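Student: Structure incoming, see below.
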Amino acid sequence: LSFKPLSMTVFYLLLFFFQSFFEGQSAPWDSAKKDENRMKNRYGNIIAYDHSRVRLQALEGEQSSDYINANYVDGYHRPNHYIATQGPMQETVIDFWKMVWQENTAAIVMVTNLVEVGRVKCCKYWPDDSEIYRDIKVTLIETELLSEYVIRTFAVEKRGAHEIREIRQFHFTGWPDHGVPYHASGLLGFIRRVKSKTLTNAGPMVVHCSAGAGRTGCFIVIDIMLDMAEREGVVDIYNCVRELRSRRVNMVQTEEQYVFIHDAILEACLCGDTTIPASQLRSVYYDMNRLDPQTNSSPIKEEFRTLNMVTPTLRVEDCSIALLPRNHEKNRCMDVLPPDRCLPFLITIDGESSNYINAALMDSYKQPSAFIVTQHPLPNTVKDFWRLVLDYHCTSIVMLNDVDPAQLCPQYWPENGVHRHGPIQVEFVSADLEEDIISRIFRIYNAARPQDGYRMVQQFQFLGWPMYRDTPMSKRSFLKLIRQVDKWQEEYDGGEGRTVVHCLNGGGRSGTFCAISIVCEMLQHQHSVDVFHAVKTLRNNKPNMVDLLDQYKFCYEVALEYLNSG
């Protein structure tokens with residue numbers, strides 16, 4: 001089995017359902033249309049209905065000051081659980097914070113970036129330090145940066161109120177400028193994080209994008225449907241969207257968003273919530289390995305089977321660049337190809353050479369495109385490999401296979417002196433052997449652009465994973481490798497540089513390194529672990545990441561080793 005996109009029949013059925021929704025205004029919005037309120041609306045056609053609008057406490061003598069472009073929306077058996085609103089404008093920031101305080105809101109969900117395709121979508125309504133918005137003081141006390149979202153924690157106080165409230169903003173940054181996310185895994189993880197960190201007895205959750213309709217509607221529908229699925233075992237997306245549109249105009253704006261909601265709910269129902277608190281990992285993992293004598297299966301086998309089922313299958317058109325005739329000789333295995341959407345195109349010019357390399361950009365726990373997963377360079381792609389390292393500001397290279405000329409795996413680095421690869425020069429600096437890890441430092445630079453200076457790169461060659469084994473020989477030494485790479489990344493480039501990870505074909509071994517790196521960061525920052533989500537996220541870009549059950553188990557076992565080591 002494999003997880004396939006919705007069939008064309010289902011797709012057209014969903015389009016039919018979507019087109020049956022009433023489009024545009026379906027209730028009076030007289031207050032929003034008043035001359036004194038027009039400037040408070042970002043878009044003239046996405047404004048607040050009168051019957052469900054949030055009414056601010058009016059300033060004395062200013063009746064129109066009770067208007068903000070925001071509507072109450074019911075949650076799952078929770079009236080007015082959400083406030084759907086537009087992204088604040090400079091003119092409405094004070095009103096926005098007034099609403100947050102008035103409604104006793106503890107969570108703000110933001111599903112837009114400040115600028116997209118060169119257009120301002122939302123103003124920056126929060127401070128980097130502390131700011132006063134009329135009679136409300138907002139102080140930023142913590143920022144948690146992750147690859148697809150940011151969590152900001154604010155201390156908020158109102159003049160004369162004698163209390164300080166903690167309010168969190170959950171800012172999803174992984175929504176593309178056009179369309180919808182390629183996969184739902186990131187948004188589902190984000191929604192679960194919002195749920196886990198939001199008090200149930202707080203006031204309405206404020207949700208906004210730019211207009212407060214499309215992405216805002218997607219978030220709210222998915223959140224409600226997850227609650228419904230958990231309580232009732234069924235979902236009703238059609239009627240949920242219809243109900244939302246009765247409270248605010250055009251909630252869930254496009255057919256594409258409507259289809260995406262179905263994909264997201266399907267993935268959520270198939271996969272479930274696979275997060276495990278760190279304190280329970282040992283006992284849960286023990287239970288996951290218990291074999292059922294009747295089925296000869298175990299929970300971890302079933303989890304891995306589900307992972308394989310929901311892993312997207314790459315189609316020929318997804319890998320059109322890798323499959324170009326001129327690029328065939330640059331691919332070690334024609335069944336392990338990077339999709340076009342996550343290719344790192346080479347920038348440094350080198351004669352007639354193309355800008356293709358068999359490599360894929362992957363997110364880490366905290367940083368987008370932090371890893372570049374690739375194959376061991378072929379004799380004819382060594383030059384391209386070093387172009388990749390230089391062009392993408394890579395500061396670490398992780399090598400998980402052996403040099404083997406018989407397998408067309410050459411030694412691509414100098415043992416001393418300088419190697420020249422077109423305009424790129426690679427100079428050996430030092431080498432060190434510590435147990436299973438050889439670390440080598442190189443200085444690389446582009447001789448055609450001396451003004452760019454040089455970059456220091458450390459290669460970590462891991463010796464503890466012989467080619468005949470499916471997993472490394474030692475959990476402890478593999479964890480040491482992860483920590484050494486992290487330490488170098490942090491010390492040399494403040495965590496900003498990328499890490500190139502390669503094995504023979506850029507598949508299972510490289511994926512195992514990336515997955516364990518993500519899992520360890522998750523344990524450090526979230527005090528929980530989700531191996532399934534980590535591997536699923538990697539596989540959304542390359543389906544062969546962590547391709548064996550034993551490698552999947554090894555991810556859990558290194559997580560336990562991480563906890564044991566303190």
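Student: Any residue in the stretch 499-524 that's of a type in the set (S, T, N, Q): show its pairings with residues that are part of a helix (DSSP H, G or I) at Cβ separation under 6 Å, as long as the two are six or more apart or on different chains.
Tutor: Every condition considered, the pairs that remain are 512/551; 517/482.
Every residue, every condition in (1) under 30 Å from residue 304 (Cα atoms); (2) within 30 Å of the chain's Cα centre (by Cα); (3) at pLDDT 75 or above, yes or no:
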position	(1), (2), (3)
2	yes, yes, no
10	yes, yes, no
41	no, no, yes
51	no, no, yes
67	no, no, yes
86	no, yes, yes
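Student: Additional query: What number goes with the only condition from (1) charged (D, E, K, R); (2) touching a residue at least 60 places away in the same chain (Cβ under 8 Å); (3) part of a loop (DSSP other than H, G, I, E, B); (4) surrounded by 17 or more Cβ atoms within 10 Å (Cβ to Cβ) that residue 470 does not pass?
Tutor: It fails just one condition, (4).
Student: Restricted to the stretch 69-107, and to residues that are crowded, with 24+ Cβ neighbours inside 10 Å and β-branched (Val, Ile, Thr), which residue is nearest to residue 177 (Cα to Cα)?
Tutor: Checking each candidate, the answer is 85.
Student: Further question on the same structure: Residue 152: among the basic types (Lys, Arg) and closer than 30 Å to residue 229 by Cβ, yes or no?
Tutor: Details: among the basic types (Lys, Arg): yes; closer than 30 Å to residue 229 by Cβ: yes.
So residue 152 fits the description; yes.
Student: Can you find, within the stretch 468-505, the residue that is modelled with the highest pLDDT among those that are in contact with a His (Cβ under 9 Å, 6 or more places away or on another chain) and of a type in the set (Asp, Glu)? Full working, then the answer.
Tutor: Step one: list which residues in the stretch 468-505 are in contact with a His (Cβ under 9 Å, 6 or more places away or on another chain), which gives 493, 496-498, 502-505.
Those still in the list that are of a type in the set (Asp, Glu) too: 493, 496.
Values: 493: 75, 496: 84.
For the stretch 468-505, the residue satisfying everything is 496.
Student: Separate question: Please name all residue pairs, on different chains or six or more residues apart, with Cβ atoms under 7 Å, provided the first residue is in the stretch 208-225 and is more than 15 Å from residue 245 (Cα to Cα) and the second residue is of a type in the set (Lys, Arg) and crowded, with 24+ Cβ neighbours inside 10 Å.
Tutor: 209/215
Student: Now for a different question. Tell me which of these residue 371 doesn't satisfy, since it passes every other one: (1) among the aromatic types (Phe, Trp, Tyr); (2) free of Cβ contacts under 8 Å to residues at least 60 places away in the same chain; (3) in contact with a helix residue (DSSP H, G or I) (Cβ under 8 Å, 6 or more places away or on another chain); (4) buried (at least 22 other Cβ atoms within 10 Å of the Cβ).
Tutor: (2)
Let's see how each residue does on (1) hydrophobic (A, V, I, L, M, F, W, C); (2) closer than 15 Å to residue 465 by Cα:
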{"site": "511", "(1), (2)": "no, yes"}
{"site": "518", "(1), (2)": "yes, no"}
{"site": "526", "(1), (2)": "no, no"}
{"site": "533", "(1), (2)": "no, no"}
{"site": "540", "(1), (2)": "no, no"}
{"site": "543", "(1), (2)": "no, no"}
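Student: Cβ-Cβ distance below 7 Å, separation of 6 or more or different chains: which pairs start in the stretch 81-100 with a residue that is under 19 Å from residue 219 (Cα atoms) and end on one that is buried (at least 24 other Cβ atoms within 10 Å of the Cβ) and of a type in the set (D, E, K, R)?
Tutor: Note: pairs meeting the criteria are 84/248.
Student: Another question, then. Exactly one condition in (1) within 17 Å of residue 81 (Cα to Cα); (2) part of a strand (DSSP E or B); (3) touching a helix residue (DSSP H, G or I) at 6+ places or on another chain (Cβ under 8 Å) is false for residue 221; which is it?
Tutor: Here residue 221 meets the rest and fails (2).
Student: Check residue 537 against each of (1) on the phi < 0 side of the Ramachandran plot; (2) buried (at least 22 other Cβ atoms within 10 Å of the Cβ); (3) not in a helix (DSSP H, G or I) and name the one condition it does not meet.
Tutor: With (1) on the phi < 0 side of the Ramachandran plot; (2) buried (at least 22 other Cβ atoms within 10 Å of the Cβ); (3) not in a helix (DSSP H, G or I) applied to residue 537, the lone miss is (3).
Student: Same structure, new question: Could you tell me which of the residues 369, 354 is under 27 Å from the mean Cα position of the chain (by Cα), of a type in the set (Ser, Thr, Tyr) and in a loop (DSSP other than H, G, I, E, B)? Spell out the reasoning first.
Tutor: Numbers: 354 fails: under 27 Å from the mean Cα position of the chain (by Cα).
Exactly one of 369, 354 is under 27 Å from the mean Cα position of the chain (by Cα), of a type in the set (Ser, Thr, Tyr) and in a loop (DSSP other than H, G, I, E, B), namely 369.
Student: So, one more: Scanning for something of a type in the set (S, T, N, Q) and touching a Cys at 6+ places or on another chain (Cβ under 6 Å), does the stretch 119-142 turn up at least one residue?
Tutor: no
Student: Among the strands (runs of 3 or more DSSP E) confined wholly to the stretch 398-467, which include 2 or more residues that are crowded, with 18+ Cβ neighbours inside 10 Å and at pLDDT 95 or above?
Tutor: Those strands (runs of 3 or more DSSP E) span 424-434, 437-446, 454-462.
For every residue, the table says whether it meets (1) buried (at least 21 other Cβ atoms within 10 Å of the Cβ); (2) part of a loop (DSSP other than H, G, I, E, B); (3) β-branched (Val, Ile, Thr).
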position: 156; (1), (2), (3): no, no, yes
position: 174; (1), (2), (3): no, yes, no
position: 187; (1), (2), (3): yes, no, no
position: 202; (1), (2), (3): no, yes, no
position: 229; (1), (2), (3): no, no, no
position: 239; (1), (2), (3): no, no, no
position: 251; (1), (2), (3): yes, yes, no
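The values are calculated or read from the model by the stated rules, or taken from the named source; none is laboratory data. Values in this document were obtained by computation on a predicted structure and should not be read as measured data. Don't worry about glycine lacking a Cβ; one is built from the backbone with ideal geometry, like all the others, and counts go over all protein chains shown.
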